[in-house]
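Engineer: Before I ask anything, let me first share the structure, which is written out below as structure tokens.
The values are calculated or read from the model by the stated rules, or taken from the named source; none is laboratory data. Bear in mind the structure is a predicted one, so any value in this text is a computation, not a measurement. Cβ sites come from the backbone with ideal geometry, for glycine too, and all protein chains shown count toward neighbours.
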Amino acid sequence: MRDIPKLQWAAGELVKEGRGILAADESTGTIEKRFAKIGIVSSVDTRRDYREMLFSAPGLGEYISGAIMYDETIKQSSAGGTRLAEVLTDAHIFPGIKVDLGTEALPDSPEEKYTKGLEGLAERLAEYVSLGAVFTKWRAVIGIEGALPTSACIDRNAVDLAKYARTAQEAGLVPIVEPEVLMDGSHTMARCEEVSRAVLTAVFDALAREDVALDCMVLKTNMVVPGKESGTKASPDEVADATLRVFRAVLPDRLAGQAFLSGGQGEKEATANLQAMHTKGALPWPLTFSYGRALQDSALLTWAGRAERVQSAQDVLVFRARMNALASKGAYDPAMER
């Protein structure tokens, strides 16, 4: 039995005006690659130290409503012995958890991917509730290349996202539903818009079939942008116009809110594009951010694994969070970056 009032409240808090979500759920393999680029050895301790640096940044909770963690992280404690989920809670930030198990080749279309993790999901969710999680996330990836994506890829991922979302709500957790149309490739902005609309249509059809309470979930999807190898750069106004065309055509008004992924955009680019969304008239749902690299990259470079740089790195993180919080309510100006 779903506790709808509780889920509605938590979903509303996650997308509350002026706050966004920190995506810190990189897998061990992904964070190892990011550490390696700046000469940090990835270990249980260095990964903990990095996440502790992020979560304990003074003032972060003013701009961040929730933080998505990886399985390892939600089970870790700080160097001082406080569980990292409690570090977040003490900062008035909801602990969240990535619950999918990564991607695998689609059986009938091996160049495409589907997301694993439905088997045993209810049991994993029960454990995460006991560890303090308030919300969850499941990511599906849709690539554009030639005639791809196929309808089979879109439909499989949409169905699995909906099944996950219903299971999460039954467990008392707010689901973040993340269908990501990847920036990788040379496709045009128009092609991204076409695919994004098809993907979101399939997702919301599947959510309706599973009777997922839309006011108790958060959508996390991509902005409509040209492919990274297209040689084209869209302005913030162009990105906002194309993205909102898709949203206004597909997103139900009762959706709790949408938190954009950055998807490989630069830090300032992601902020400027979010700001532009709020210059296009009234919207029926909150639009905020759930960035990973676009919040973390400068903080990671500043920290570089050195204890004496923790405070400087935290200052950088909080500044970036503040810029995006301002953009999430249409109050950001690029001049603030100086």
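Engineer: Do you know which of the residues in region 283-338 that are in contact with a helix residue (DSSP H, G or I) (Cβ under 7 Å, 6 or more places away or on another chain) and among the charged types (D, E, K, R) is farthest from ASP241 (Cα to Cα)?
Structural biologist: Out of the qualifying residues, it is ARG309.
Engineer: Scan region 156-197 for residues that are touching a strand residue (DSSP E or B) at 6+ places or on another chain (Cβ under 9 Å) and not polar (S, T, N, Q) and report the count.
Structural biologist: Residues that pass the stated criteria total 25.
Engineer: Let me ask you something else. Looking only at region 240-277, which residues are closer than 18 Å to ASP297 by Cβ, part of a helix (DSSP H, G or I), in contact with a Ser or Thr (Cβ under 7 Å, 6 or more places away or on another chain) and not charged (D, E, K, R)?
Structural biologist: Hits for region 240-277 are ALA270, LEU274.
Engineer: Do we find that THR73 is within 21 Å of ILE31 (Cα to Cα), crowded, with 21+ Cβ neighbours inside 10 Å and touching a Lys or Arg at 6+ places or on another chain (Cβ under 7 Å) in this structure?
Structural biologist: On the way: within 21 Å of ILE31 (Cα to Cα): yes; crowded, with 21+ Cβ neighbours inside 10 Å: yes; touching a Lys or Arg at 6+ places or on another chain (Cβ under 7 Å): yes.
When the stated conditions are applied, THR73 passes them.
Engineer: What do you reckon, is ASP90 acidic (Asp, Glu), modelled with pLDDT of 95 or more and within 16 Å of SER56 (Cα to Cα)? Full working, then the answer.
Structural biologist: Working: acidic (Asp, Glu): yes; modelled with pLDDT of 95 or more: yes; within 16 Å of SER56 (Cα to Cα): yes.
The answer is yes for ASP90.
Engineer: Looking at GLU111, GLU13, GLU52, which is the one that is within 24 Å of LEU274 (Cβ to Cβ) and either more than 19 Å from the chain's Cα centre (by Cα) or of a type outside the set (Gly, Ala, Ser) (or both)? Show your work before the answer.
Structural biologist: Working: GLU111 fails: within 24 Å of LEU274 (Cβ to Cβ); GLU52 fails: within 24 Å of LEU274 (Cβ to Cβ).
Residue meeting the stated conditions: GLU13.
Engineer: Of everything in region 181-233, what is more than 20 Å from the chain's Cα centre (by Cα), outside any helix (DSSP H, G or I), surrounded by fewer than 21 Cβ atoms within 10 Å (Cβ to Cβ) and not β-branched (Val, Ile, Thr)? Give them in sequence order.
Structural biologist: Those that are more than 20 Å from the chain's Cα centre (by Cα), outside any helix (DSSP H, G or I), surrounded by fewer than 21 Cβ atoms within 10 Å (Cβ to Cβ) and not β-branched (Val, Ile, Thr): GLY185, SER186, GLU210, ASP211, GLU229, SER230, GLY231, LYS233.
Engineer: Looking at region 283-294, is at least one residue over 23 Å from GLY66 (Cβ atoms), among the small types (Gly, Ala, Ser) and surrounded by 16 or more Cβ atoms within 10 Å (Cβ to Cβ)? I'd like the intermediate steps shown before the answer.
Structural biologist: Going residue by residue through region 283-294, those that are over 23 Å from GLY66 (Cβ atoms) are none.
Among the residues of region 283-294, not one is over 23 Å from GLY66 (Cβ atoms), among the small types (Gly, Ala, Ser) and surrounded by 16 or more Cβ atoms within 10 Å (Cβ to Cβ), which makes the answer no.
Engineer: Counting only residues that are among the small types (Gly, Ala, Ser) and on the phi < 0 side of the Ramachandran plot, give me the helices (runs of 4 or more DSSP H) lying completely in region 3-58 with at least 2 of them.
Structural biologist: Output list reads 4-14, 28-37.
Engineer: Another question, if that's okay. Quick one: would you say ILE68 is more than 29 Å from ARG19 (Cα to Cα), touching a residue at least 60 places away in the same chain (Cβ under 8 Å) and either in a strand (DSSP E or B) or of a type outside the set (Ser, Thr, Tyr) (or both)?
Structural biologist: No; evaluated as a whole, the condition is false for this residue.
Engineer: Under 7 Å between Cβ atoms, which residue pairs at least 6 apart in sequence (or on different chains) link something in region 119-132 that is modelled with pLDDT of 95 or more with a partner that is aliphatic (A, V, I, L, M) and part of a helix (DSSP H, G or I)?
Structural biologist: LEU125/ALA168; TYR128/ILE74; LEU131/ILE74; LEU131/ALA85; GLY132/ALA85
Engineer: Hey, another quick one. Among the numbered conditions (1) surrounded by 14 or more Cβ atoms within 10 Å (Cβ to Cβ); (2) touching a helix residue (DSSP H, G or I) at 6+ places or on another chain (Cβ under 6 Å), tell me where HIS92 comes up short.
Structural biologist: The number of the failed condition is (1).
Engineer: Identify, by number, the condition in (1) of a type outside the set (D, E, K, R); (2) closer than 15 Å to ASP160 by Cα; (3) surrounded by fewer than 24 Cβ atoms within 10 Å (Cβ to Cβ) that ALA240 doesn't meet.
Structural biologist: (2)
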